[in-house]
Amino acid sequence: MKEGMRAFFRFLLLKPILWLVNRYSSAPDKARVFAALSKLKKIMETDPGKKGFVIPFNSPGHQFIIFSDQHKGRKNGADDFLPAEKNYLAALRYYNEANFHLISLGDSEELWENTLAQVMKHNEPSFEMEKRFVARSAFTKIVGNHDLDWEIDPLAPTLLKKIYGTAMPIFQAVLLQTRLGKKDLRIFCTHGHQGDLQSDGNWFSKFFVTKIWAPLQAFLRINPNTPAFDQSLKTEHNRVMYEWALSQNGLILVTGHTHQPVFESLTHFERLQREHRQALYEHNPQWAEALENEMKWRSADQTSITEDYLNIRPVYFNTGCCCFSDGRITGIEIADGFVRLIKWETVDGVVTRFVLQEASLEDLAERL
């Protein structure tokens, strides 16, 4: 009876709910985003430790894995992390054994819909795995808009210490810095919600998420965190992030927030489009056909592309997320002199790592 009611109300309310979410989602305001990111970067450079800090690293040598948007919940119907937990734990085990530094880039916990106590109670396995990085002084925790409580709740420092066994500072960004030949390369890592009108306090958004959407999501089992509902908004967000990074000197921007992986300023769909043009130019019908088939498959996830995508520079990257509904997780690796977009998913019962894209850090530094 309950499942029948759930199915009925889901059918009845799905489209209106998604329309409301899209209707009251604010597109990123370029001036606000530029001002917010520039201010944060300046604070980090002039007052390190207040909002973030700089990590100098050698390449090759030091290794980083950047994950974001786990949205850990309380193991109910609204928990977007639940399908991905197995892959996330396997990935962290791999990276810890390989001595990577873990950067959790925000929205790690879903605190719009859950209390801190609920999230702590139901996510002991992932917290214990993250704790292994803490023990090596190899864990940096960045705040996002969905886990802002870690920064503003007066009890957060006590709870974080309870989770990780030591004081755990919370930052808004981290700046990775290395020298490649005669060029300096800086990698600015932040969640990516800075300057976003909705994330910065749109009153309807806050009311809708906390008072209406959370119980509806739990009952109707609707997942708003998949990157399929408003591709045009995500494309606009990517464009603004790209333009800010382009305005900096010798800097790469890495964010999360949109749940949409971006590598060298291109989404995977845009990269397929560009490679398809190259295949046609080279008169390579087999390559072109393979790309056409993949684009047909990918078009279910994304169809919109950034203007002038053929000529953009490799200054912007996005981790994707760790809460895809099919359990996949994506992230950004920096290791062995390369930056890589990676995916972890379960294939025939085995959690497997895939490299989706990679580029030499030295090459990137030359192309900035």
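The values are calculated or read from the model by the stated rules, or taken from the named source; none is laboratory data. Everything numeric here is computed off the predicted structure, so don't read it as measured data. Neighbour counts are summed over all protein chains in view; Cβ atoms, including those assigned to glycine, are modelled from backbone coordinates with ideal geometry.
The table below lists the values:
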item: Qualifying residue in the stretch 62-76 (condition: closer than 21 Å to HIS191 by Cα, of a type in the set (Phe, Trp, Tyr) and touching a helix residue (DSSP H, G or I) at 6+ places or on another chain (Cβ under 7 Å)); result: no
item: Unmet requirement for VAL339, which otherwise passes all of (1) within 18 Å of LEU246 (Cβ to Cβ); (2) modelled with pLDDT of 95 or more; (3) in contact with a Gly (Cβ under 8 Å, 6 or more places away or on another chain); result: (3)
item: Per-region count, the stretch 133-175, residues over 29 Å from LEU185 (Cβ atoms), of a type in the set (Val, Ile, Thr) and touching a residue at least 12 places away in the same chain (Cβ under 8 Å); result: 2
item: Residue among ASN99, ASN87 that alone is part of a loop (DSSP other than H, G, I, E, B) and at pLDDT 95 or above; result: ASN99
item: Hey, MET120 of a type in the set (A, V, I, L, M), assigned to a loop (DSSP other than H, G, I, E, B) and out of contact with any Gly (no Cβ under 6 Å at 6 or more places or on another chain) or not; result: no
item: The stretch 74-116: number of residues that are out of contact with any strand residue (DSSP E or B) (no Cβ under 8 Å at 6 or more places or on another chain) and within 17 Å of HIS257 (Cα to Cα); result: 5
item: Matching residues in the stretch 161-196 - criterion: being of a type in the set (D, E, K, R), over 19 Å from SER126 (Cβ atoms) and not in a loop (DSSP other than H, G, I, E, B); result: ARG179, LYS183, ASP184, ARG186
item: Candidates PHE229, PHE188 - the one that is at pLDDT 90 or above and surrounded by 14 or more Cβ atoms within 10 Å (Cβ to Cβ); result: PHE188
item: Members of the stretch 109-149 found to be surrounded by fewer than 17 Cβ atoms within 10 Å (Cβ to Cβ), among the hydroxyl-bearing types (Ser, Thr, Tyr) and at pLDDT 85 or above, listed by number; result: SER137
item: Flag for GLY201 being at pLDDT 90 or above and either surrounded by 14 or more Cβ atoms within 10 Å (Cβ to Cβ) or not in a helix (DSSP H, G or I) (or both); result: no
